[in-house]
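Pasting a structure below so you can have a look.
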Amino acid sequence: MGEQLVDTVRRFNRTVTQRVGALDDGYLTRDRPLAQARLLWEVGPAGAEIAALRTRLGLDAGHLSRLLRTLEGDGLITVNSAPGDGRVRVARLTAAGRTEWDVLDRLSDELAWSILEPLSDSQRTRLAAAMTEVERLLMTSLVELRVCHPGEPAARACLRAYTRELAQRFESGFDPGVGDDDLVPPAGLFLVATLSGEPVGCGGLRLLPGEPAEIKRVWVSPSVRGLGLGRRIVRELERRAADAGADLVRLDTNDSLTEAIQLYRSSGYHEIPAYDDNPYARHWFAKPLSSDDAAGR
């Protein structure tokens, strides 16, 4: 990664924080900094669970607790147990908090207009398009990949979504058959991708002695498709296969999964004869692995 790219990102960050007033003691001319204003906004008229706020904003428990206490002390929110479940804590706006939330909503519109107003129509269109692209790329950089057991809740959520989608797309429906309990070390592994704590993708790797590594169960949520996450999951599975000593990785897929086939071909996979009796498979692919794959390049 070049220094010029890093300098560009840093310069962009400085410009944005100054332009939106993130450095001001009172964000949007109010008497509280950006962190408090953002938290108040996220609580919103519907209220929010504390655990969800922590995940959504990426805050550690101590920092979030201090922010909540400040807003509670100012009479803007209440924090109480959820009805029927004393273990779940929920923040809700008070009447004063709802009034402040409405003010923040109006001032946020005014800030956005102050950015757009000096520009021509064509410049506004360009800025909006650029912001959309930046937002999508930043979302991509926020996605985290981690290895987890296929039985964990996040993994199960991904596998259920994977099964539902294939059942809809395959003409004959889809029955996953045997479970995925073999996708655990040392026989394999299962990757889950999360965005703000929510599972948005997955992929499995089988490592069978004396056989090529095999990629299984690659799925990406429709909410984040187009961000390159599928390619990132496949690349990470390849890296881990190479780390485990595999020199070849293979997979099978169905001809209705055109996006997957395009991904594999553009990632260096070549079609091979059938190597299994998967009733849903119509194409089989393989890719040689190298030291570059083990290094993650």
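Running a GNM on the chain with Cα contacts under 10 Å, which residue among R98, R11, R282 ends up with the highest mean-square fluctuation?
R11
I want to check the label-to-label distance for D31 and M131. Put each point 7 Å from Cα in the C-beta direction and report it in nm to one decimal.
So the two model labels end up 3.0 nm from each other.
Now for a separate question. Taking the simple approach of a point 7 Å from Cα along Cα-to-Cβ for both S141 and V6, what is their distance in nm?
If labels sit at S141 and V6, their model points lie 1.3 nm apart.
Given a 1.4 Å probe and the protein chains all in place, what does the accessible area of S120 round to, in Å² to the nearest 10?
50 Å²
Go through the cysteines of the chain and tell me which have no other cysteine Cβ under 4.7 Å away.
C148
Sort 27-33, 134-140, 85-91 by the packing proxy (mean of other Cβ within 10 Å over each peptide's residues), most packed first.
Top to bottom by mean Cβ count within 10 Å: 27-33, 85-91, 134-140.
Based on the alpha carbon coordinates of segment 1-44, what radius of gyration and maximum Cα-Cα distance (Dmax) apply, in Å?
That works out to 13.9, 41 Å for Rg and Dmax.
Also, I was wondering about something else. Roughly how far apart, in whole Å, are the Cα centres of segment 2-73 and segment 196-252?
Cα centroid to Cα centroid, the span is 34 Å.
I've got another one for you. Given the options G73, G210, G21, state which has the largest fluctuation in a GNM of the chain using a 10 Å cut-off (strictly under) for Cα springs.
Maximum among the listed residues: G210.
Follow-up question, since we're still on this one. If amide H atoms are built 1.01 Å from N in the plane of the peptide, which residues on other chains or at least 5 residues away come under 5 Å of the amide H of I272?
Here W284, F285, A286 satisfy the definition.
Work out how much length D24 to T258 would gain on full extension: take 0.36 nm times their residue separation and subtract the Cα-Cα distance, in nm to one decimal.
79.3 nm
Pulled fully out, how much extra length does the chain show between D102 and E42, if you take 0.36 nm times their separation in residues and subtract their Cα-Cα distance?
Taking 0.36 nm per residue and subtracting the Cα distance, the gain is 20.3 nm.
Report which label in [x] 70, 16, 15; [y] 44, 25, 18; [z] 43, 21, 19 holds the value of semi-axes √(5λ) of the Cα gyration tensor in Å derived from the coordinates of this structure.
So the structure-derived entry is [y].
Over all Cα pairs of segment 1-98, how is the pair count split among 10 Å bins, expressed in % and running from 0 up to the last occupied bin?
P(r) over segment 1-98, rounded to whole percents: 14, 38, 27, 14, 6, 0.
Taking the chain as a Gaussian network, Cα atoms linked when under 10 Å apart, which of V200, V249, V20 shows the biggest mean-square fluctuation?
Highest fluctuation of the listed residues: V20.
What accessible surface, in Å², does a 1.4 Å probe find on W41, ignoring ligands, DNA and RNA and rounding to the nearest 10?
90 Å²
Label points 7 Å out from Cα along the Cβ direction at H63 and E49: separation in nm?
2.2 nm
OK, next. Let's test the formula: R0 of 30 Å, r as the Cβ-Cβ distance of I272 and S196. What FRET efficiency results, to the nearest 0.05?
Efficiency computed from Cβ-Cβ geometry: 0.20.
How big is D, in µm² s⁻¹, for segment 74-178 by Stokes-Einstein at 4 °C and 1.567 mPa s if Rh is the Kirkwood radius over C-alpha pairs?
Here the translational diffusion coefficient equals 66 µm²/s.
Give me the percent of the accessible area of segment 107-242 that comes from carbon and sulfur atoms, probe 1.4 Å, all protein chains in place.
Here carbon and sulfur together make up 55 percent of the probe-accessible area.
The values are calculated or read from the model by the stated rules, or taken from the named source; none is laboratory data. Quantities reported herein were computed from a predicted structural model and do not represent experimental measurements. We place every Cβ from the backbone using ideal geometry, glycine too, and count neighbours over all the protein chains shown. With ligands, DNA and RNA removed, areas are computed over all heavy atoms of the protein, side chains included. Shrake-Rupley method; radii C 1.70, N 1.55, O 1.52, S 1.80 Å.
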